[in-house]
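Encoded as structure tokens, the structure appears first; notes follow it.
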Amino acid sequence: MDNAIHLSFEEKWEKIIACDQTYDGLFYTAVKTTKVYCRPSCKSRKPKKMNVEFYEDIQEVEAAGYRACKRCQPEIEHSPHTQLIKSVTTFIINEYKQRVTLQDMAEHVGLSPFHLERLFKQETAETPRTYLEKIRIDKAAHLLKHTDYTNLEICYEAGFQSPSNFYKVFRRLKNCSPTEYRNLS
């Protein structure tokens, strides 16, 4: 199982600004000036962007000379299901362009779809489907800001199977259409 996460520096930066707990354990934020590392969801004051480095695992960040944050305690697993949820979220992040079903996610971690959905919601306060939609919309928003792709090209590049679903989900999560979002930037 591949736990590598394929997010750019900018995408990781957006996750720590949003205190997105669904990325906890997938990467760590290290602050060069304080020599402290945190979870993406840490509620401490946000560092300057130029002082931030990202690491994929605790051994790597500690080998670079950083110590754990006393507030978010990234070195401690807070739930017995943390590793399982990390595996599912990594799977979703790496496979978001594909047609991914709850059954696919459940098979990846060896659980029934019902049990996986219940655990995932218990740990992250959202369903795996909602998490997948957020990943896809984040990718679409990034493409809208940084490319001149058409909305249709972005729809398929972000992993949506139909433009109508793309527009519906985009409006629900961003409170505007993709075209309006692009014009805001």
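Here are the numbers for this structure:
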| read-out | value |
| --- | --- |
| Within segment 142-185, considering residues that are β-branched (Val, Ile, Thr) and part of a loop (DSSP other than H, G, I, E, B), the one surrounded by the most Cβ atoms within 10 Å (Cβ to Cβ) | 147 |
| Residue that is surrounded by the fewest Cβ atoms within 10 Å (Cβ to Cβ), among those in segment 5-50 that are in contact with a helix residue (DSSP H, G or I) (Cβ under 6 Å, 6 or more places away or on another chain) and of a type in the set (S, T, N, Q) | 33 |
| Where residue 139 falls short, out of the listed (1) touching a helix residue (DSSP H, G or I) at 6+ places or on another chain (Cβ under 7 Å); (2) crowded, with 18+ Cβ neighbours inside 10 Å; (3) under 18 Å from residue 93 (Cα atoms) | (1) |
| Single condition residue 76 does not satisfy, out of (1) free of Cβ contacts under 8 Å to residues at least 12 places away in the same chain; (2) part of a helix (DSSP H, G or I) | (2) |
| Residue, farthest from the chain's Cα centre (by Cα), within segment 15-37, restricted to residues that are farther than 16 Å from residue 50 by Cβ and part of a helix (DSSP H, G or I) | 21 |
| Subset tally (residues that are part of a loop (DSSP other than H, G, I, E, B) and surrounded by fewer than 19 Cβ atoms within 10 Å (Cβ to Cβ)) for segment 83-99 | 3 |
| Total residues in segment 100-126, condition in a helix (DSSP H, G or I) and either touching a residue at least 60 places away in the same chain (Cβ under 8 Å) or loosely packed, with under 15 Cβ neighbours inside 10 Å (or both) | 9 |
| Among (1) in contact with a strand residue (DSSP E or B) (Cβ under 8 Å, 6 or more places away or on another chain); (2) in contact (Cβ under 8 Å) with a residue 40 or more places away in the chain, the one test that residue 83 misses | (1) |
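Throughout, read-outs are computed from the coordinates displayed, never taken from laboratory work. Source: prediction; values computed, not measured. Because the Cβ atoms are built from the backbone with ideal geometry, glycine has one as well, and the counts that use them run over all protein chains shown.
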